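A.B. asks: One structure is given below, represented as structure tokens, and several questions about it will come after.
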């Protein structure tokens, strides 16, 4: 579906589901898929970083089993968001209306000697963002809530209103 969204033009997308159109879904069907993809992406982040999880390393091991599904769903969600920006399938403020309070403390965004690192797996980047060799060893590891917020900011930032993201 992600590939179909990238190659179908906006007219075929809007007229989908009727007759010989290239895109087989109607806008109502697409709206249902958009709702489920947004919620599924947020739900997979919750599964990757459960509230009752142990230390950070344990949560990273558990999250790896969701990595492929998360990557696929995130790509589809991003493609749906891009199309919604052009065609307006969903109501205004739909993307940020998910009943979550996402707050990212700037102290979590630490990098080693100012260098950026690239991660290979969708949830692995959090380890690199939090890596700081000069930090106090007694410092508490990030909470599951902080890890979730970082995942949302990194993968689907459009679910957070722009003004909230830049604060």
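The values are calculated or read from the model by the stated rules, or taken from the named source; none is laboratory data. The model shown is predicted, which means the values in this text are computed figures rather than measured ones. No Cβ is skipped: glycine too gets one built from the backbone with ideal geometry, and neighbour counts run over all protein chains shown.
A.B. asks: Looking at residue 67, is it under 28 Å from residue 146 (Cβ atoms), modelled with pLDDT under 90 and in a helix (DSSP H, G or I)?
C.D. replies: On the way: under 28 Å from residue 146 (Cβ atoms): yes; modelled with pLDDT under 90: yes; in a helix (DSSP H, G or I): yes.
Criteria met by residue 67.
Conditions tested, residue by residue: (1) at pLDDT below 75; (2) over 15 Å from the mean Cα position of the chain (by Cα).
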{"position": "98", "(1), (2)": "no, no"}
{"position": "101", "(1), (2)": "no, no"}
{"position": "104", "(1), (2)": "yes, no"}
{"position": "122", "(1), (2)": "yes, no"}
{"position": "132", "(1), (2)": "yes, yes"}
{"position": "145", "(1), (2)": "no, no"}
{"position": "150", "(1), (2)": "no, no"}
{"position": "160", "(1), (2)": "no, no"}
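A.B. asks: Kindly list the number of the only condition in (1) assigned to a helix (DSSP H, G or I); (2) without any contact (Cβ under 8 Å) to a residue 40 or more places away in the chain that fails for residue 19.
C.D. replies: (1)
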